[in-house]
1. Taking the range 440-475 only, how many residues are surrounded by fewer than 16 Cβ atoms within 10 Å (Cβ to Cβ), in a loop (DSSP other than H, G, I, E, B) and under 40 Å from the mean Cα position of the chain (by Cα)?
2. Does residue 183 qualify as being in the same structural domain as residue 47 (by TED's automatic domain parsing), in contact with a strand residue (DSSP E or B) (Cβ under 8 Å, 6 or more places away or on another chain) and assigned to a helix (DSSP H, G or I)?
3. Which of the residues that make up the range 15-56 are assigned to a loop (DSSP other than H, G, I, E, B), at pLDDT 90 or above and either closer than 22 Å to residue 305 by Cβ or more than 40 Å from the chain's Cα centre (by Cα) (or both)?
4. Considering only the range 324-344, state which residues are surrounded by fewer than 16 Cβ atoms within 10 Å (Cβ to Cβ) and part of a loop (DSSP other than H, G, I, E, B).
5. What pairs can you find where one residue is in the range 324-339 and in the same structural domain as residue 276 (by TED's automatic domain parsing), the other is assigned to a helix (DSSP H, G or I) and exposed (fewer than 15 other Cβ atoms within 10 Å of the Cβ), and their Cβ atoms are less than 6 Å apart, with a gap of 6+ or different chains?
6. For the range 226-245, give me the residue count where each residue is in contact with a helix residue (DSSP H, G or I) (Cβ under 8 Å, 6 or more places away or on another chain), surrounded by fewer than 17 Cβ atoms within 10 Å (Cβ to Cβ) and closer than 23 Å to residue 23 by Cβ.
7. Restricting the search to the range 353-375, which residues are in a helix (DSSP H, G or I) and in contact with a helix residue (DSSP H, G or I) (Cβ under 9 Å, 6 or more places away or on another chain)?
8. Which residue, of 416, 412, 400, 378, is without any contact (Cβ under 8 Å) to a residue 60 or more places away in the chain, closer than 18 Å to residue 450 by Cβ and outside any loop (DSSP other than H, G, I, E, B)?
């Protein structure tokens with residue numbers, strides 16, 4: 001048996017680094033189908049993010065007219081025709097569930113397509129790369145300029161380029177932070193206040209924070225965010241299966257790698273030669289700097305740019321495209337066995353995800369369409385829990401909160417069921433009647449009342465009687481109820 005080597009006996013040179021040193025990546029520009037898809041999605045995502053706060057939506061007099069608004073002072077969330085109150089936080093829970101299931105479905109169908117096309121880190125990093133190429137040139141130019149700077153120092157022209165690049169980056173980052181705070185206040189009003197330096201200090205603080213994080217993450221951290229900071233690459237590896245379509249180098253067709261001329265000679269001699277000409281184009285266009293030909297890697301965001309690069313090369317040398325493409329593990333084995341390719345987008349896993357998404361969406365939609373715009377909450381007094389009046393009757397006191405979610409004033413009547421011959425008195429209402437007190441509820445607000453319920457002891461001999469308080473809109477007939485107990489002293 002081999003004797004184990006103790007840590008103290010190991011040569012210090014045998015220890016590996018605690019982390020991989022950062023290597024600057026210079027992705028080369030590429031043209032093709034997937035690059036166009038990324039441009040289109042980038043324009044769409046950035047357009048929605050920057051312009052959505054300025055979209056208007058008429059909700060009536062006195063209500064905010066911004067289509068999407070997180071109104072923290074008034075505890076409201078507005079999304080076009082939807083208005084959510086703090087009591088309806090379960091809708092956000094449903095949205096988080098749908099978001100997670102959508103990610104799982106994307107992963108089951110096409111691997112990390114979220115990371116490659118829609119993730120904010122990818123979108124803004126791609127935009128920053130575009131600015132970098134516009135100002136400094138493509139891959140070879142940038143590499144040469146950096147090498148010249150390292151050798152001969154920073155010259156005036158190079159300094160001007162770097163200054164322009166970082167200025168545009170900071171401008172984009174500033175727009176990003178500024179757009180974010182517009183979702184929390186009326187956008188045109190807040191823009192005017194910010195420009196005239198009359199905006200709230202909290203807005204300036206958040207703009208500075210988001211400007212700094214966007215500038216650092218998209219301008220410098222870049223692929224390191226995806227590799228080291230984001231948990232999704234590690235999670236998705238546990239969720240994928242052999243049928244998921246991932247960006248794949250088809251080694252069954254590409255190997256043995258050799259130059260175009262050498263491959264022609266090998267084929268003429270009846271020896272094996274692959275379609276891959278080892279041009280490295282798939283490597284130089286990769287935004288995370290990996291070689292897809294080495295197989296599936298956690299760093300790969302599956303953006304498809306290596307597919308475009310490889311297709312361009314294959315087209316130029318007259319060979320079939322898609323040497324690199326979206327493929328699954330099963331097909332590589334089938335091609336090696338001489339069988340036809342098969343794809344199973346629709347399978348139990350994807351059906352299950354779609355079914356759960358449909359069920360959760362249906363539940364949320366039903367709850368949203370059938371939700372009551374009138375709500376009531378009842379809290380029984382604890383000290384004293386009940387009192388006996390001089391005539392022998394029993395009185396219980398309650399704190400009642402009425403929520404009017406409509407943008408109009410409403411008149412509601414309050415009834416009580418349970419105690420026999422009960423009389424309701426709302427503190428602040430002039431008369432005590434056996435009928436229903438009428439209360440005016442202000443629009444889009446919560447009204448708190450103190451309600452006294454009195455009932456004769458001779459008709460209510462039980463120690464505790466279930467009580468239901470019913471609030472009815474006298475014009476629309478909308479009803480809200482809450483339950484509690486009517487107790488004896």
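1. Selection size over the range 440-475: 2.
2. Judged against the criteria, residue 183 is a match.
3. Kept after step one, since they are assigned to a loop (DSSP other than H, G, I, E, B), are these residues of the range 15-56: 15-32, 55.
Checking which are at pLDDT 90 or above leaves us with 25-32, 55.
Matches in the range 15-56: 25, 26, 27, 28, 29, 30, 31, 32.
4. Across the range 324-344, the qualifying residues are 337, 338, 339, 340, 341, 342, 343, 344.
5. Final answer for the pair search is 332/252; 335/252; 336/252.
6. 3
7. Kept after step one, since they are in a helix (DSSP H, G or I), are these residues of the range 353-375: 353-370.
Those that are in a helix (DSSP H, G or I) and in contact with a helix residue (DSSP H, G or I) (Cβ under 9 Å, 6 or more places away or on another chain): 353, 354, 356, 357, 360, 361, 363, 364, 367, 368.
8. Values: 412 fails: without any contact (Cβ under 8 Å) to a residue 60 or more places away in the chain; 400 fails: without any contact (Cβ under 8 Å) to a residue 60 or more places away in the chain; 378 fails: without any contact (Cβ under 8 Å) to a residue 60 or more places away in the chain.
Testing whether each residue is without any contact (Cβ under 8 Å) to a residue 60 or more places away in the chain, closer than 18 Å to residue 450 by Cβ and outside any loop (DSSP other than H, G, I, E, B) leaves just 416.
The values are calculated or read from the model by the stated rules, or taken from the named source; none is laboratory data. All of these numbers come straight from a predicted model, not from anything done at the bench. So basically every Cβ, Gly included, is an ideal-geometry build from the backbone, and we count neighbours across all protein chains shown.
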